[in-house]
Amino acid sequence: LGAVSRHRAAEEVRADFQRRVPYSYLQRAYIQLNKLEEAANAAHTFFMANPEHMEIRQDLENYKTTSGKASLIDQEARQHMEDYSAGVRHYDREEYELAIELLERALQGYYSEDEDCQLMCEGPQRFEEHEHLDYKAGLYEAIADHYMQVLACKHDCVRELATRSGRISPIENFLPLHYDYLQFAYYRVGDYVKALECAKSYLLFHPDDEDVLENAGYYEGLLEGTVDPATIKPRKEARALLRRHKLESHLLRVAAAGLGFAYTEPNYWNRYGARQDEHSVPSSISSEPEDGPRLSLTKKPMPKPDRELKEGKADEHVDVKFVYNSQQLNGTQRVLLDNVISEEQCRELHRVASGIMLAGDGYRGKTSPHTPNERFEGATVLKALKYGYEGRVPLKSARLFYDISEKARRIVQSYFQLNSTLYFSYTHLVCRTALSGQQERRNDLSHPIHADNCLLDPEANECWKEPPAYTFRDYSALLYMNTDFEGGEFIFTEMDAKTVTASIKPKCGRMISFSSGGENPHGVKAVTKGQRCAVALWFTLDPLYREL
């Protein structure tokens, strides 16, 4: 009641803090004051919420090189998440005592954060997405609507606490996974009472999980004669949270019917999300005796991709030479082909490139968008054809760019045996030129490691399929035009963005193609001499996003 406070932050300010934008300014300010360690920590804190930010990624590499600092501090880290990640790391190394200590601490932190989250929902509500009433509400409707907004906010704390800073997507099945890891870790250290307690706690969330039901039965067998298994109950705090969560859900559904708004209950404990589970299971588990327990993650089906993955041969193009498949390139949905275009076509395309390319094309005019040590130039098919019709380049040569892209599209569609049409999403003729005088002791990449349809987060071993990533891209291809330069190898890496799994030396007519998701992080090594040119192609299976 009363006048609106002037001290309430605007939505834009809140959004900036959510994305940790102040740390980007702080980093620059610390550099001016020559406080490198503080600058490095500020950059790292910003990067954790913005893993797609190329410049900051490069700054971090430079800090590590100049200061020799390997570990940086995330100043906005959420302690319960840090403890959880550390616990999982110890678990993977089979250091079960340490894993137990950290995972238990993570649980304590989670429930404490949950209380805070619930309290923070009690304030004035002005969430646009919750404005359910289209009419001017009377007093009772306004009170009911306000209360439903508070309730919806509280109900969403489960998602909030499972989401890393700056991200939109939560870690799937986050809270139940704590109990899943703990039940197995306690079994490994011989504490069967705690193992059964944690297994029963996990089953509150997933009562039909066959693996954990089996494990619980096994632990009960081990305790026979010493403890009555019926006296061992699921943890009190897990029971309380779930009871509250179910009641909130019931009230929201009743209110939705009464107030006339649409409400769909999200699946907060989803076990088989669209992403692969980030947690690897130690190989020793598979060598357990047949009747021993298993971590329930071992038998869970991997998430099913949207389509069946197939590979074949680029048969219909007789001149195309098959070089390597996914297996030979140490990955999934990858292929390397030669002779996709001839030497003459490479030369012709290169001539077109010199006539139409603009520095910084496709990157809002930034001439060095990925590294200050190279000049980047690009051009689209549309621009080539426009220049052709205007007589600024031979129309036949401009048409060649179009025809070659179409040939590449047909090869990708046939090789990966796609049942539906593959559309162009974006096609770009790109050249990277090494800048003279700037190649001494270079330790950066020409194009940093990234994925094409999700935001690669190497620290979390995740790839977040959310804006600003081009989430609609399904397949990518790079068709190379020349070989007279130094460096510039194309590389695939693991999700850590460090471990190289395959390296490809470009040459005229060579094409690498792959699926665009987090399974194929890639980048380009520094071009240290000369100019490297290629046609970059991104494809989509969704006609809504086709390149018009």
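Suppose we keep only residues that are closer than 25 Å to VAL381 by Cα and of a type in the set (D, E, K, R) within segment 409-459. Which one would you say is most open to solvent (accessible area, probe 1.4 Å)?
ARG410
Closer than 30 Å to ALA230 by Cα, touching a Leu at 6+ places or on another chain (Cβ under 6 Å) and at pLDDT 90 or above: is that true of HIS206 in this structure?
For HIS206, the condition - closer than 30 Å to ALA230 by Cα, touching a Leu at 6+ places or on another chain (Cβ under 6 Å) and at pLDDT 90 or above - is not met.
In the set ASN520, ASN482, which member is in contact with a Gly (Cβ under 7 Å, 6 or more places away or on another chain) and either surrounded by fewer than 21 Cβ atoms within 10 Å (Cβ to Cβ) or within 26 Å of ILE404 (Cα to Cα) (or both)? I'd like the intermediate steps shown before the answer.
Working: ASN482 fails: in contact with a Gly (Cβ under 7 Å, 6 or more places away or on another chain).
Criteria check complete, one pass: ASN520.
Could you please give the count of residues in segment 423-439 that are assigned to a loop (DSSP other than H, G, I, E, B), in contact (Cβ under 8 Å) with a residue 12 or more places away in the chain and of a type in the set (Ser, Thr, Tyr)?
0
Condition check: in the same structural domain as GLY517 (by the TED database), of a type in the set (Ser, Thr, Tyr) and out of contact with any Phe, Trp or Tyr (no Cβ under 8 Å at 6 or more places or on another chain). Does TYR423 satisfy that?
no
Residues in segment 73-87: is at least one open to solvent by 60 Å² or more (accessible area, probe 1.4 Å), within 29 Å of ASP452 (Cβ to Cβ) and assigned to a helix (DSSP H, G or I)?
Within segment 73-87, not a single residue is open to solvent by 60 Å² or more (accessible area, probe 1.4 Å), within 29 Å of ASP452 (Cβ to Cβ) and assigned to a helix (DSSP H, G or I).
Considering each of LYS505, LYS525, LYS529 in turn, give the residue that is out of contact with any strand residue (DSSP E or B) (no Cβ under 7 Å at 6 or more places or on another chain) and more than 25 Å from SER425 (Cβ to Cβ).
Result of the check over LYS505, LYS525, LYS529: LYS505.
Go through (1) touching a helix residue (DSSP H, G or I) at 6+ places or on another chain (Cβ under 6 Å); (2) at pLDDT 85 or above; (3) open to solvent by 20 Å² or more (accessible area, probe 1.4 Å) one by one and return the number of the condition GLU101 breaks.
Among (1) touching a helix residue (DSSP H, G or I) at 6+ places or on another chain (Cβ under 6 Å); (2) at pLDDT 85 or above; (3) open to solvent by 20 Å² or more (accessible area, probe 1.4 Å), the lone unmet condition for GLU101 is (1).
Hey, can you tell me all the residues within segment 37-57 that are open to solvent by less than 50 Å² (accessible area, probe 1.4 Å) and at pLDDT below 75?
PRO51, MET54
For VAL150, are the conditions met, namely being among the aliphatic types (A, V, I, L, M), surrounded by fewer than 20 Cβ atoms within 10 Å (Cβ to Cβ) and under 25 Å from GLU122 (Cα atoms)?
Taking the combined requirement at face value, the residue satisfies it.
Condition check: free of Cβ contacts under 8 Å to residues at least 60 places away in the same chain and not assigned by the TED database to the domain that holds PHE184. Does SER85 satisfy that?
Spelling it out, it is not the case that SER85 is free of Cβ contacts under 8 Å to residues at least 60 places away in the same chain and not assigned by the TED database to the domain that holds PHE184.
Residue by residue through segment 240-266, note down the ones that are open to solvent by 90 Å² or more (accessible area, probe 1.4 Å) and touching a helix residue (DSSP H, G or I) at 6+ places or on another chain (Cβ under 8 Å).
Passing the criteria: only ALA262.
Quick one: is THR528 under 22 Å from the mean Cα position of the chain (by Cα) and among the β-branched types (Val, Ile, Thr)?
The answer is no for THR528.
Which strands (runs of 3 or more DSSP E) sit wholly inside segment 476-548 and have at least 1 residues that are of a type in the set (Lys, Arg)? Steps first, answer last, please.
Details: elements: 485-487, 490-493, 500-504, 511-515, 522-525, 527-540.
Qualifying strands (runs of 3 or more DSSP E): 522-525, 527-540.
Quick check on segment 223-230. Is at least one of its residues open to solvent by less than 40 Å² (accessible area, probe 1.4 Å) and of a type in the set (A, V, I, L, M, F, W, C)?
Within segment 223-230, one or more residues are open to solvent by less than 40 Å² (accessible area, probe 1.4 Å) and of a type in the set (A, V, I, L, M, F, W, C).
From the set of residues in segment 533-548 that are open to solvent by 10 Å² or more (accessible area, probe 1.4 Å) and at pLDDT 90 or above, which is farthest from ARG334 (Cα to Cα)? Steps first, please.
From segment 533-548, those open to solvent by 10 Å² or more (accessible area, probe 1.4 Å) are 538, 541-548; that's our starting set.
Filter once more, so that each one left must be at pLDDT 90 or above: 538, 541.
Numbers: TRP538: 14, LEU541: 17 Å.
My answer is LEU541.
Given ARG89, ARG78, ARG159, which one is in contact with a Phe, Trp or Tyr (Cβ under 8 Å, 6 or more places away or on another chain), modelled with pLDDT of 80 or more and basic (Lys, Arg)?
The match here is ARG159.
The values are calculated or read from the model by the stated rules, or taken from the named source; none is laboratory data. In this text the structure is predicted, and so the values were computed from the model without any measurement. Neighbour counts run over all protein chains shown; Cβ positions are idealised from the backbone, glycine included. The accessibility values were calculated without ligands, DNA or RNA, using every heavy atom of the protein model including side chains. Shrake-Rupley method; radii C 1.70, N 1.55, O 1.52, S 1.80 Å.
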